[in-house]
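First comes the structure, then the notes that go with it.
The values are calculated or read from the model by the stated rules, or taken from the named source; none is laboratory data. Note that the structure is a prediction, hence the values are computed from the model and not measured. Cβ atoms come from the backbone with ideal geometry, glycine included; neighbour counts cover every protein chain shown. With ligands, DNA and RNA removed, areas are computed over all heavy atoms of the protein, side chains included. Shrake-Rupley method; radii C 1.70, N 1.55, O 1.52, S 1.80 Å.
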Amino acid sequence: MTGVVTADTANIGIAALNTGGTSAWYIQDGNLRLSGICVVGSESTMARMQNGNAYTVTGSVSENFDVTRIQFVSSVVDYLPALTPPTPVTLWTSTFGPTVGNGTPAAEQWEGMLVTFNNVTVTDIYPVFSDITEFEVDDGTGPVLVRRDGRNNYSNVPGDTLVGKTILKQGDQISSLTGVMYYSFNRYKVVPRKDADFGTVTDLENPVETILPASYGISNNYPNPFNPVTRLNVTLPQASHLEVKVYNLLGQSV
């Protein structure tokens, strides 16, 4: 198959988070139905495949745990001239809902391809009791599962704040959600890759304050300056150039 790589190790982990997850590589030769497929091979063979570039991949087509894929890859060759990266296909979340079984034509035709869902809401952060790496979103037509195999900074697990993740909560709204379609454990699932696949995320419980301050101001720093890191807040009534100078106890600029 010749096509453009839509996911690589920079987008999805080379190893799935668990047995229900996907590996890193996907390739696609357009945005019509049946245009994408998962690719599985040795890391040394697949390492040359980079997102956005075109390659000819030689291997065996197989159905593995209900996922169509190219496996036992024997060669990956650069394809020139370059091909235009495919645009995601915009679909309804209900296309891949909980009652949609494996092989259902309306869903199966998009497996392995980039898809986008617009204006979705996080409706459940733990829809699968046995798998905390999945959550659920809905555009109002029916829910679809989201997997966290991608290399983005979003999570549904509150404790992941310790590793710098942005935590999604039930009720959060996402302007658009893009990812590759995957299938495991009797459900179709979307796998967002990087942060850009999440569009704009709105936390309705803690909306961003949009009222501008009335005047310039600066708060006391916290914690005290003898700590390795300290923080202070500055308020600006309008967009301005800001210069901050820090002095030591001797009055010397540092």
Hits in the range 82-114 - residues which are open to solvent by 30 Å² or more (accessible area, probe 1.4 Å), hydrophobic (A, V, I, L, M, F, W, C) and under 16 Å from VAL67 (Cβ atoms): TRP110
Selection status of PRO81, free of Cβ contacts under 8 Å to residues at least 40 places away in the same chain and either under 30 Å from ASP138 (Cβ atoms) or part of a loop (DSSP other than H, G, I, E, B) (or both): yes
Check on SER62, under 24 Å from GLY101 (Cβ atoms) and modelled with pLDDT of 95 or more: no
The lone exception for GLY59 - which of (1) more than 24 Å from the chain's Cα centre (by Cα); (2) of a type in the set (Gly, Ala, Ser); (3) surrounded by fewer than 13 Cβ atoms within 10 Å (Cβ to Cβ) it fails: (3)
Meets criteria (in a loop (DSSP other than H, G, I, E, B), touching a residue at least 24 places away in the same chain (Cβ under 8 Å) and closer than 13 Å to THR93 by Cβ) for THR141: yes
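Yes or no, residue by residue, for (1) over 25 Å from PHE185 (Cβ atoms); (2) under 21 Å from the mean Cα position of the chain (by Cα):
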| position | (1), (2) |
| --- | --- |
| VAL4 | yes, yes |
| GLY36 | no, yes |
| GLY41 | no, no |
| GLY52 | yes, yes |
| PHE65 | no, no |
| THR68 | no, no |
| VAL76 | yes, no |
Residue count, the range 26-50 (criterion: open to solvent by 70 Å² or more (accessible area, probe 1.4 Å), touching a residue at least 24 places away in the same chain (Cβ under 8 Å) and farther than 15 Å from MET1 by Cα): 4
Positions within the range 115-138 being in a loop (DSSP other than H, G, I, E, B) and open to solvent by less than 30 Å² (accessible area, probe 1.4 Å), in sequence order: ASP131, THR133
